[in-house]
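Novice: What follows is a single structure, and I will ask about it in a moment.
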């Protein structure tokens with residue numbers, strides 16, 4: 001029973017982290033850079049959702065799209081002001097300044113964490129639940145109503161993003177720029193616009209992930225650090241630039257990690273036996 005509870009919990013938490021992994025993978029696929037401030041997009045979404053609902057009295061169902069939009073806006077501003085000088089005027093990846101992206105995104109991460117710490121405070125706020133039902137029974141497994149509804153929303157967002165990237169007009173432009181930036185520009189595609197769309201989408205995905213988890217992990221200035229680190233690892237395991245594989249790997253690895261906690265280690269078993 002405990003194993004099933006932890007396995008289901010791992011699958012659900014993995015869905016949320018998959019949103020972040022997809023954003024990281026999209027950014028790397030089109031810009032060939034790793035965004036070290038991705039965890040702070042998560043933090044922005046968590047704070048916007050929580051503070052909007054608690055301070056302004058807005059319904060959590062309205063605060064959720066506001067968090068999504070705030071993440072997209074932050075991502076768009078970061079791309080326009082900080083990332084665009086990275087690739088502007090370059091047609092080949094071999095002459096682009098990769099170290100610039102590392103320094104700028106890492107510095108942006110520290111800046112956002114300290115700004116939130118000074119203006120909002122270091123203390124956590126518990127985000128409101130999407131529904132009032134505290135427990136839902138799915139056979140032998142019990143889980144919170146908010147966690148189940150949030151997981152369904154996250155799965156819906158993942159499916160929608162996959163369809164948009166694969167079949168929409170802008171999605172095909174993103175794929176073209178990811179394959180060959182210079183060739184896409186010669187074909188009449190604006191690589192800068194595609195990059196801006198990707199950064200805005202990545203910021204929005206991370207922000208809605210933070211909003212959905214705000215009721216489970218209280219927002220603090222550094223709340224996005226740990227999810228970002230785990231997402232970096234899973235993106236590498238799933239394949240840099242491959243959003244679908246990164247998402248499935250994120251869900252599966254999180255489930256295995258959670259489920260393994262249900263099995264006692266030989267050392268702990270021997271210790272209890274000896275005592």
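Novice: Hey, what did segment 2-262 get for relative contact order, percent, Cα under 8 Å, at least 6 apart?
Specialist: So the answer I get is 46 percent.
Novice: Within 10 Å of each residue's Cβ, count the other Cβ atoms and sort 79, 99, 40 from fewest upward.
Specialist: Lowest count first: 99, 79, 40.
Novice: Among 137-146, 24-33, 102-111, 228-237, how do they line up from the highest to the lowest mean number of other beta-carbon atoms within 10 Å?
Specialist: The packing order, highest mean first, is 24-33, 228-237, 102-111, 137-146.
Novice: To make sure I understand, if each residue's beta carbon is the centre and we count other beta carbons within 10 Å, what order do 170, 61 fall in, fewest to most?
Specialist: Neighbour counts put them in this order, fewest first: 61, 170.
Novice: Same structure, new question: By its C-alpha gyration tensor, with a ≥ b ≥ c as the square roots of the eigenvalues, how is segment 101-211 shaped: rounded for a/c under 1.5, else prolate for a/b larger than b/c, else oblate?
Specialist: Oblate is the answer for segment 101-211, as a/c is 1.5 or above yet b/c matches or exceeds a/b.
Novice: Could you list 49, 167 in order of exposure, starting from the residue whose Cβ has the fewest other Cβ atoms within 10 Å?
Specialist: 167, 49
Novice: Continuing with this model, one more query. Once the principal axes of the Cα atoms of segment 2-262 are found, what is the range along each, listed largest first in whole angstroms?
Specialist: Extents along the principal axes, in whole Å: 56, 39, 31.
Novice: Mind checking the full-extension length gain between residue 114 and residue 225? Use 0.36 nm per residue of separation minus the Cα-Cα distance, one decimal, nm.
Specialist: 38.7 nm
Novice: Right, next: Rule-of-thumb check for segment 12-60: C-alpha Rg over 2.2 N^0.38 Å?
Specialist: That works out to 1.43 for segment 12-60.
Laboratory data are not the source of any read-out in this text; all were calculated from the coordinates shown. Being a predicted model, the structure only gives us computed values, none of them experimental. Every residue, glycine as well, gets a Cβ built from its backbone with ideal geometry; the counts of neighbours run over all protein chains shown.
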